[in-house]
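Chemist: Here's a structure for you.
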Amino acid sequence: MPETTTTDEDAAGGETEPESALATARRQLERAAAHVDVDSGVVTRLKHPTKVQQVSVPLRLDDGSLEVFTGYRAQHDDVRGPYKGGLRFHPEVTADECVGLSMWMTWKCAVMDLPFGGAKGGVAVDPKTLSDEERERLTRRFAEELRDVVGPKKDVPAPDMGTGPQEMAWFMDAYSMQQGETTPGVVTGKPPVIGGSYGREEAPGRSVAIVTREAIDYYDWDIEETTVAVQGFGSVGANAARLLDDWGASIVAVSDVDGAIYDPDGLDTQDVKGHDERPGMVSGYDAPQSMTNAELLELDVDILIPAAVGEVITADNVDDISAEMVVEGANGPTTFAADTILEERGIPVIPDILANAGGVTVSYFEWLQDINRRQWSLERVHEELEQEMLDAWDAVREHVEADDLTWRDAAYAVALSRIGGAKETRGLWP
Ligand code: NAD
């Protein structure tokens with residue numbers, strides 16, 4: 001399921017026609033603008049990206065033939081600092097999708113008060129069809145095609161779907177070779193041996209856990225009495241589940257793409273292996289009960305954490321969601337229509353742009369470490385991430401309380417007021 005195409009819904013709330021990520025992002029911007037005292041011209045400007053670079057990426061395949069792929073880099077806004085956002089290798093990458101995702105990065109960086117703007121890019125390719133050598137050549141050529149628009153002070157890419165630390169290492173090497181100097185700060189999400197940050201990999205899951213813990217506290221629940229279901233036991237889901245388990249919550253269900261496992265007494269999450277650790281191990285685990293991913297979403301638990309893919313809570317299943325609260329680990333797991341119904345039902349949804357923002361926050365730490373040429377310890381990364389998450393949580397909570405907003409509207413209001421303030425103060429040039 002593509003995680004970036006959401007669905008349109010009528011006033012009646014039905015899921016009808018597919019809506020592009022860009023259309024959704026613009027609609028969310030309009031909704032957020034109603035809660036913030038921001039110039040309407042600023043909102044109009046924010047509906048449009050600064051620049052969208054489209055490039056051809058020729059690749060010599062191992063069999064000697066040549067194929068040309070299309071790559072993109074959408075740069076949405078940089079009023080608060082260099083553009084920041086992932087590069088994905090996925091067959092469904094389009095210019096519009098990159099623009100929509102780049103807008104979400106602008107809000108995510110602003111809600112965390114990071115000195116970055118938003119960007120997103122990628123190549124329309126299925127990386128599973130490429131050998132390691134082909135992926136390396138593709139990444140290096142893509143880096144060369146983007147060389148003029150990226151850089152530590154301009155635009156700093158990171159891993160996304162279909163890319164990881166190795167692609168970032170190739171990208172950084174290709175850029176550095178052409179620039180004539182080692183430039184680790186051109187990308188984040190690199191392996192620590194070449195300037196990557198310790199703790200980057202587990203950071204989005206860690207931030208999901210921190211925000212969930214704060215939400216439990218906010219609603220006066222007892223974490224020891226809280227049951228949690230986590231869809232997706234990958235990087236985000238497994239790290240979030242294991243930390244919450246450590247902090248006393250009862251993780252009763254987790255899943256991977258093949259299905260879910262359930263134990264009403266709580267799973268031993270350290271014992272359940274993620275897909276990377278042992279493929280098929282989640283659904284193959286010896287738990288009291290197994291179920292489908294759809295059934296996991298409908299479990300009667302205190303907290304549901306969708307941490308796999310987008311668009312899993314829709315108008316079609318939202319009435320069957322029994323959780324008391326949703327914390328978004330994945331990007332865009334709740335459609336616009338479902339979000340409205342959850343709001344009507346009084347079920348709080350802690351939004352993705354806050355909950356999983358630990359990833360971009362530790363990317364910011366990585367960028368700082370690269371610029372200063374000094375690596376931080378894992379302990380320092382954890383401490384600073386904890387503080388950044390608590391600060392962001394407090395800023396959003398204040399809007400929830402003061403203006404009686406949903407958590408999503410409050411997060412957008414925080415982001416938009418910071419961006420709008422910067423734009424109004426800098427003014428429009430010339
Ligand atoms: P991952 O590949 O490590 O794990 C994904 C998990 O979801 C796996 O357990 C997989 O088996 C399962 N899964 C895949 N398709 C599924 C489906 N259709 N139904 C149910 N389960 C399915 O991915 P990740 O890095 O953990 O990312 C998960 C989500 O979090 C994505 O939406 C991603 O964009 C978002 N996110 C990731 C990061 C990051 O840095 N890793 C940061 C922010 C947001």
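Chemist: I'd like the carbon and sulfur percentage of the solvent accessible area for the chain, probe radius 1.4 Å, heavy atoms only, ligands and nucleic acids excluded.
Modeler: 45
Chemist: Based on alpha-carbon centroids, what's the gap between segment 85-118 and segment 204-246 in Å, whole number please?
Modeler: 25
Chemist: Something else now. Compute the whole-percent fraction of alpha carbon pairs in segment 268-371 spaced more than 23 Å apart.
Modeler: I get 40 percent for the Cα pairs in segment 268-371 exceeding 23 Å.
Chemist: Please figure out what share of the DSSP beta bridges in the chain is antiparallel and state it in percent, rounded to the nearest 5.
Modeler: 55
Chemist: Seen from all sides and averaged, what is the projected area of the convex hull of the Cα atoms in segment 302-430, in nm²?
Modeler: Projected over every direction and averaged, the Cα hull of segment 302-430 covers 10.9 nm².
Chemist: Let me ask something additional. Please arrange 376, 107 by accessible surface area, largest first, computed with a 1.4 Å probe and ligands excluded.
Modeler: These residues rank, largest area first, as 376, 107.
Chemist: What number, in percent, do you get for the relative contact order of the chain if the mean sequence gap of Cα pairs under 8 Å and at least 6 apart is divided by its residue count?
Modeler: Across the chain, relative contact order equals 17 percent.
Chemist: Taking a probe of 1.4 angstrom, what is the accessible area of residue 219 in Å², to the nearest 10?
Modeler: That residue has around 80 Å² of solvent-accessible surface.
Chemist: Right, here's the next one. At residue 320 and residue 70, where each label point lies 7 Å from the Cα along Cα→Cβ, what is the point-to-point distance in nanometres?
Modeler: So the two model labels end up 3.7 nm from each other.
Chemist: Amide H neighbours of residue 231 under 5 Å, at least 5 residues apart or on other chains, H built in the peptide plane: list them.
Modeler: When sequence neighbours closer than 5 places are left aside, the close amide H contacts are 305, 307.
Chemist: Could I ask something else about it? Over the alpha-carbon set of segment 49-183, work out the extent along each principal axis and list the three values in angstrom, largest first.
Modeler: 47, 34, 22
Chemist: Any idea of the accessible area per residue across the chain, 1.4 Å probe, to the nearest Å²?
Modeler: Accessible area per residue, the chain: 41 Å².
Chemist: Compare the Cα positions of 150, 180, 116 along the charge dipole of segment 49-183 (+1 at Cβ of Lys, Arg; -1 at Cβ of Asp, Glu; about the Cα centre) and return the one farthest towards the positive end.
Modeler: Of the options given, the answer is 116.
Chemist: Now a separate question. Take 90, 35 and sort them by solvent-accessible surface of the protein heavy atoms, 1.4 Å probe, largest at the top.
Modeler: 35, 90
Chemist: I need the per residue convex hull volume for the chain, using only the alpha carbons, in cubic angstrom as a whole number. Each step should come with its number before you reach the end.
Modeler: Values: hull volume 61.1 nm³, N = 430.
In the chain, the Cα convex hull volume per residue is 142 Å³.
Chemist: I've got another one for you. Throw me the Rg/Rh for segment 323-386, computed over C-alpha atoms with Kirkwood Rh, two decimals.
Modeler: Numbers: Rg = 16.5 Å, Rh = 13.9 Å.
Using only Cα positions, Rg/Rh for segment 323-386 is 1.19.
Chemist: Taking only the alpha-carbon positions of segment 173-232 and ignoring solvent, what does the Debye formula give for the base-10 log of I(q)/I(0) at q = 0.26, 0.28, 0.30 Å⁻¹?
Modeler: Normalising to I(0) and taking log10 leaves -1.06, -1.13, -1.20.
Chemist: May I ask you to list the lysines whose Cα is less than 24 Å away from that of residue 84, ignoring any residue fewer than eight positions away on the same chain?
Modeler: The qualifying lysines are 47, 51, 108, 120, 153, 154, 190, 423.
The values are calculated or read from the model by the stated rules, or taken from the named source; none is laboratory data. Note that the coordinates shown come from a computational prediction; the quantities given were computed from them, not determined experimentally. Ideal geometry is used to build each Cβ from the backbone, glycine not excepted, and the neighbour counts take in all protein chains shown. In case anyone asks, the SASA skips ligands and DNA or RNA and just uses the protein heavy atoms, side chains included. Shrake-Rupley method; radii C 1.70, N 1.55, O 1.52, S 1.80 Å.
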